[in-house]
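Chemist: Sharing a structure with you now.
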Amino acid sequence: MINNLTVAERQWALVVLLVGGLIGLTMAAVGAGEPFGAHGFLVLFFCAALFFPVLSRLDEPEPSPHAGRSYYDDPIKVGIILAMVWAVIGMFFGLWVAYLLAWPDLTIDAPWASFGRLRPAHTTGVIFGFGGTALIATSFHVMQRTSRARLAGQFSPWFVLLGYQLFVLIAVSGYLMGVTQSKEYAEAEWYADLWLVVVWITYFVLYLRTLARRNEPHIYVANWYYMAFILIVAILHIFNNLALPVSWAGSRSYIVWSGVQDAMMQWWYGHNAVAFFLTAGFLGMLYYYLPKRAERPIYSYRLSILSFWGIVFFYVWAGSHHLHYTALPHWVQTLGMTFSVMLLVPSWATAANALMTLNGAWHKVRDDATLRFMMVAAIFYGLTTFEGSFLAIRGVNALSHYTDWTVAHVHAGALGWNALLIFGVVYAAVPVIWRRERMWSNRLIEWHFWLAVLGTVVYVLAMWNSGILQGLMWRTYTDAGTLQYPFIASVLAMNPYYVARAVGGTMFFVGTLIGIYNLWMTIRQAPAADMVADHPVSVRDEAGERGVPAE
Amino acid sequence: MEIDHYTLVAFAKTFGLFYLMVMAGLATLYALWPSNGKRFDRAAKSVLDDEEGPCR
């Protein structure tokens, strides 16, 4: 892979890694004995681990001059593997806290293993590690194929992919050391946040430069979703994380927003992390891989554009539904609630568009677990967006807020929609990227599919029961006007559901391990495809539109 | 003029409504404009044969 970089790119990589290593060394020196210093060492080792392999191949010959005529898939390969590794890490932390909740005695009394530190390690591991890496890897695939153009440059894709890994590593390791700014899904401290801004802007510029090279007259809708994801996540991230560090040599910082402004900013960010990270980006995936796998164009392209603008317009206003019954002005809460209910229209239009695309291809859904992953993901997308609009209504929220119903909702989305879609996309993309006839074992894909779907269903049903029971127990009054149940009674009543949740989570996790094994065996052993090398067209005339032979 | 909470509320409640409606109108016009149909159809179909993939 390093040999595919030009010598100039290898030199440039060495310079960047050297600068990164020096920054790490400085952080380690000024923050010695503190988590900041530990992060310095992490940065140093990260850069060193990349520096030496590049240095040892510096004198290898230049890549073939014809390489520029094919798609650049090396970072996609690494990205897919890293995404699956993060899936295992993130879900492992999730499983751990699930077992802790069911059997609290299992705790190993160490500060780093307390629930408050493991939980953000889980959420960041799965959302940003697994989901984010999958988004970056698939966006590199989709932007090239739909543009019929090679990635713009070979250095910046690696900078984005690996720089992002460094961000997630700093974030997750920081939480275990107690470094957090206590904002949900934005726990990472100021230096990690600054680094992410650099990576993210590079990502956006890379996307624009690749689109600028496109050989297609129209920018395919999947790219719009990916670009909305990159652009709006950048804005959300910057505004929500505006903070003043206590010192340049420590991890602690203070957010510039105060009081209810901070809460509003946090949930404007928090809900749009769901909207643009876990929805817009993933719809980009769906709009490319689902039609491709079903071999049918999207049911209504016009509808996909309408729902795009609907989702983008409405979602940015919905965040304040997280702050019902708080000090936030009542009309702002109502605004968030109203937009959340309106969101049902573009969300269901999107889910319907995906499912209608499968009309005429349902026999493929029956036979092909990869396509079935995507189909079930679209169904869970429809279910979860309906539930989300419903939960945002003030009266419903009075029952559901602070209960496990929220946990059920996010996992219907995160497992049923995001994770199932990523698995389907990985199974669809891996044979293409690695030039294999197929995945190593279709039977293992079936096993993975059923374990993942059943695990999700068990998990979500358990948490629905638990959440509604909690909510009802907390609001049941006696005739005398006092609360019927002490809080601890509701905690004890949760136990059977927490056990069921741990079982569902275990099923899902085992499915993921099977997926990793299948991925590994596909790369190692699946028969190579005897295929014409794909390459983007370089001419713009009609006859030369197809870079590949007709079917 | 002093910009206080009520000024922002009034702005959000008036201009906010209209700009949302205008943007929705523009998006609808773009999506439904008849002459865009051909370009959309082409885009929707062209992703299906964008590479010689082994996973047919």
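Chemist: Has region A:240-257 got any residue that is in a helix (DSSP H, G or I) and under 19 Å from the mean Cα position of the chain (by Cα)?
Modeler: Within region A:240-257, one or more residues are in a helix (DSSP H, G or I) and under 19 Å from the mean Cα position of the chain (by Cα).
Chemist: Also, quick follow-up: In the list A:Val432, A:Val460, which residue meets the criterion of being in contact with a helix residue (DSSP H, G or I) (Cβ under 9 Å, 6 or more places away or on another chain) and either within 14 Å of another protein chain (Cβ to nearest Cβ) or within 30 Å of A:Arg145 (Cα to Cα) (or both)? Show your work before the answer.
Modeler: On the way: A:Val460 fails: either within 14 Å of another protein chain (Cβ to nearest Cβ) or within 30 Å of A:Arg145 (Cα to Cα) (or both).
After applying the criteria, what remains is A:Val432.
Chemist: Also, I was wondering about something else. What number of residues in region A:298-342 are in a loop (DSSP other than H, G, I, E, B) and within 13 Å of chain B (Cβ to nearest Cβ)?
Modeler: Total satisfying the criteria: 7.
Chemist: Still on this model: Please determine whether any residue of region A:284-295 is within 12 Å of chain B (Cβ to nearest Cβ), over 22 Å from A:Ser389 (Cα atoms) and surrounded by fewer than 19 Cβ atoms within 10 Å (Cβ to Cβ).
Modeler: Yes, the conditions are met somewhere in region A:284-295.
Chemist: Within the set of pairs 6+ apart or on separate chains, which have a first residue in region A:513-542 that is more than 11 Å from chain B (Cβ to nearest Cβ), a second that is surrounded by 13 or more Cβ atoms within 10 Å (Cβ to Cβ) and modelled with pLDDT under 50, and C-beta atoms under 6 Å apart?
Modeler: Between residues of region A:513-542 that are more than 11 Å from chain B (Cβ to nearest Cβ) and residues that are surrounded by 13 or more Cβ atoms within 10 Å (Cβ to Cβ) and modelled with pLDDT under 50, there is no close pair.
Chemist: I would also like to ask the following. Out of region A:211-238, which residues are under 18 Å from B:Ala43 (Cα atoms) and away from chain B (no Cβ under 14 Å)?
Modeler: Of everything in region A:211-238, those that are under 18 Å from B:Ala43 (Cα atoms) and away from chain B (no Cβ under 14 Å) turn out to be A:Ala212, A:Arg213, A:Met227.
Chemist: Which ones in region A:150-168 are small (Gly, Ala, Ser) and either under 20 Å from A:Leu44 (Cα atoms) or crowded, with 18+ Cβ neighbours inside 10 Å (or both)?
Modeler: Matches in region A:150-168: A:Ala152, A:Ser156, A:Gly163.
Chemist: Also: Please go through region A:435-465 and give me each residue that is of a type in the set (D, E, K, R) and not in a helix (DSSP H, G or I), ordered by number.
Modeler: Matches in region A:435-465: A:Arg435, A:Arg436, A:Glu437, A:Arg438.
Chemist: Tally the residues that are crowded, with 21+ Cβ neighbours inside 10 Å, assigned to a helix (DSSP H, G or I) and of a type in the set (A, V, I, L, M), restricting the search to region A:169-198.
Modeler: 5
Chemist: Filter region A:419-447 down to the residues that are under 15 Å from A:Met375 (Cβ atoms) and crowded, with 20+ Cβ neighbours inside 10 Å and list them by number.
Modeler: The answer is A:Ala419, A:Leu420, A:Leu421, A:Ile422, A:Phe423, A:Gly424, A:Val425, A:Tyr427, A:Ala428, A:Ile445.
Chemist: OK, next. Using the structure shown, decide if A:Gly270 is within 14 Å of another protein chain (Cβ to nearest Cβ), in contact (Cβ under 8 Å) with a residue 60 or more places away in the chain and outside any strand (DSSP E or B). Break it down into steps so the answer makes sense when it comes.
Modeler: Working: within 14 Å of another protein chain (Cβ to nearest Cβ): no; in contact (Cβ under 8 Å) with a residue 60 or more places away in the chain: yes; outside any strand (DSSP E or B): yes.
Considered against the rule, which asks whether it is within 14 Å of another protein chain (Cβ to nearest Cβ), in contact (Cβ under 8 Å) with a residue 60 or more places away in the chain and outside any strand (DSSP E or B), A:Gly270 comes out as no.
Chemist: Only one residue in A:Leu242, A:Leu208 is under 21 Å from A:Met265 (Cβ atoms), modelled with pLDDT of 95 or more, out of contact with any Phe, Trp or Tyr (no Cβ under 6 Å at 6 or more places or on another chain) and surrounded by fewer than 16 Cβ atoms within 10 Å (Cβ to Cβ), so which one is that?
Modeler: A:Leu242
Chemist: Are there any pairs with C-beta distances below 7 angstrom linking a residue in region A:282-299 that is closer than 13 Å to A:Leu355 by Cα and in the same structural domain as A:His363 (by TED's automatic domain parsing) to a residue that is among the aliphatic types (A, V, I, L, M) and outside any helix (DSSP H, G or I), with the two at least 6 apart or on different chains, and if so which?
Modeler: These pairs meet every condition: A:Tyr287/A:Ile298; A:Pro291/A:Ile298; A:Ala294/A:Leu358; A:Ala294/A:Ala361; A:Arg296/A:Ala361.
Chemist: Which residues, taken from region A:43-66, are more than 28 Å from the chain's Cα centre (by Cα), exposed (fewer than 14 other Cβ atoms within 10 Å of the Cβ) and in a helix (DSSP H, G or I)?
Modeler: Answer for region A:43-66, where residues must be more than 28 Å from the chain's Cα centre (by Cα), exposed (fewer than 14 other Cβ atoms within 10 Å of the Cβ) and in a helix (DSSP H, G or I): A:Phe52, A:Pro53, A:Ser56, A:Pro65, A:His66.
Chemist: A follow-up question, please. Please verify whether A:Val499 is under 22 Å from A:Leu383 (Cβ atoms) and touching a residue at least 60 places away in the same chain (Cβ under 8 Å), treating the condition exactly as stated.
Modeler: Values: under 22 Å from A:Leu383 (Cβ atoms): no; touching a residue at least 60 places away in the same chain (Cβ under 8 Å): yes.
Against the criterion (under 22 Å from A:Leu383 (Cβ atoms) and touching a residue at least 60 places away in the same chain (Cβ under 8 Å)), A:Val499 does not qualify.
Chemist: Among the residues of region B:10-45, what is the count of those that are among the β-branched types (Val, Ile, Thr) and more than 7 Å from chain A (Cβ to nearest Cβ)?
Modeler: Count: 2.
Chemist: I'm checking my understanding of the structure. Among residues of region B:1-37 that are surrounded by fewer than 10 Cβ atoms within 10 Å (Cβ to Cβ) and part of a helix (DSSP H, G or I), which one is modelled with the lowest pLDDT?
Modeler: The extreme case among them is B:His5.
The values are calculated or read from the model by the stated rules, or taken from the named source; none is laboratory data. This structure is a prediction, so every number in the text was calculated from the model and none was measured. Cβ coordinates were reconstructed from backbone atoms using ideal geometry, including for glycine residues, and neighbour counts include every protein chain displayed.
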